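Here the structure is laid out as structure tokens; the discussion comes afterwards.
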Amino acid sequence: MTKAIDPRPFDAHALEKIDSPEATAAAYFSIFRSPRATERDYEDFESWHARDEANRIAWASVERAWEGSAAMRTEARILEIRERALANRRGRKAWVRPAMAACLALAMMGGVVAVQRHREASAPVAQVVADSRVISTGVGQQSTFRMADGSVITANTATALTVAESDTRRSTTIREGEAFFEVAKNPRKPFTVMAGGVMVTALGTQFAVRSVGGRVDVTLAEGHVRVDMPAADGRAAQSTVLQPGQELVWNGRSYRTAAVEVERRLAWRSGVIDFDRVPLAQAVAEINRYSPQEIIVSSPAIASHPISGTFRIGVTRGFLQSLELAGVARVENESATRAELVAP
């Protein structure tokens, strides 16, 4: 049975108190593309748009990013607001800052669209200690490291790894987290990645390794890699070779391989997460990796509800609001560091 859409109005004021200009701009953009926009929403937007240069920059960034925003750019009410803002700015120097990462849509099963953004500007710069070849990223951060031979390592959120290179070998050890490897070909110097007791060996290829909570995932985008796994539970050590488009999952005792949509699986490299009918509990666990605000699914009844969509990593407010609007869940006990999801 299809669940009715929650009739509660869009609450931009509540969003502004919790999130950034980019997240608020994304939420306004989403509501204006829906039939739910009210006269009050436009009035609130005009006030928000005129209030701060950062708000105007955030709105322009969202407009530029959305491929289908041409209609929005010609919407009469939005044009009027923008022209008024430009008139107010004439005669003074505009504040310029690097463009923020823009937002894509999160399409919920209930038909509600929400947009989010990647918290790049507000997070500290990821640390790369060149002398000791240590790459460390915080929650929501990403960092790229180029080795002397041209190989490139991109570390994802909350990752710690070390890099070593000798005359005969190139090696990386992932202590925790995830990284994507673009390996320069050199048959005389194999490239190895160690994670959770698993060793991945490649000559020239592109692949990702993720080690979180005792589980190791290896996703192959290009070329071939050999994966060696340790002896466990009385079983001898195991080894297998992956083909492009395959993923291996090692749970500490055994492994399985399966075909995988590489672009979706590695969408984080573009600053987005892409779900296709993923259970809510699994989607929440992935979102939590990128944000200091932890979401908890408190009602088991909603944990398996399927979620589909693509959205920018780092901010959870739009995701939470979309769940409520779609009638999937209700948010309780929300703070800057925590939010609970219960059955609606």
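Couple of notes before you dig in:
- Amide N proximity, the range 201-239 versus THR168 label position 7 Å along Cα-to-Cβ, cut-off under 19 Å: 201-203
- Summing Lys and Arg as +1 and Asp and Glu as -1 over all other residues whose Cβ lies under 14 Å from the Cβ of MET229 gives a net charge of +2.
- Between SER291 and any residue 5 or more places off or on another chain, the built amide H atoms are never under 5 Å apart.
- Backbone N within the range 187-220 under 20 Å of label point (7 Å from ALA231 Cα along the Cβ vector): 195-200
- Calculated FRET value between SER299 and GLU261, using beta carbons and R₀ = 30 Å, to 0.05: 0.50
- Note on MET194: accessible area is roughly 70 Å² with a 1.4 Å probe, heavy atoms of protein only.
- Surrounding net charge for GLN238, when Lys and Arg each add one and Asp and Glu each subtract one, Cβ distance under 15 Å: +2
- Projected label points at ASP276 and THR240, each 7 Å from Cα along the beta carbon direction, are separated by 2.0 nanometres.
- Distant-in-sequence amide contacts of GLU176, defined by a placed amide H-H separation under 5 Å and a gap of 5 or more residues or a different chain, comprise ALA160.
- Extension gain, THR38-VAL249: 0.36 nm per intervening residue step, less the Cα-Cα distance, totals 71.2 nm.
- Close amide H pairs (under 5 Å, H built 1.01 Å from N) link VAL315 with ARG117, ARG119, residues at least 5 positions away or on another chain.
- The range 210-224 - phi-based ³J(HN,Hα) in whole Hz, Karplus 6.51/-1.76/1.60, Gly and Pro as x: 10, 10, 9, x, x, 9, 10, 10, 10, 10, 9, 9, 7, x, 9
The values are calculated or read from the model by the stated rules, or taken from the named source; none is laboratory data. Nothing here was measured: the structure is a model prediction, and the numbers come from that model. So basically every Cβ, Gly included, is an ideal-geometry build from the backbone, and we count neighbours across all protein chains shown. Only protein heavy atoms, including side chains, enter the accessible area calculation; ligands, DNA and RNA are left aside. Shrake-Rupley method; radii C 1.70, N 1.55, O 1.52, S 1.80 Å.
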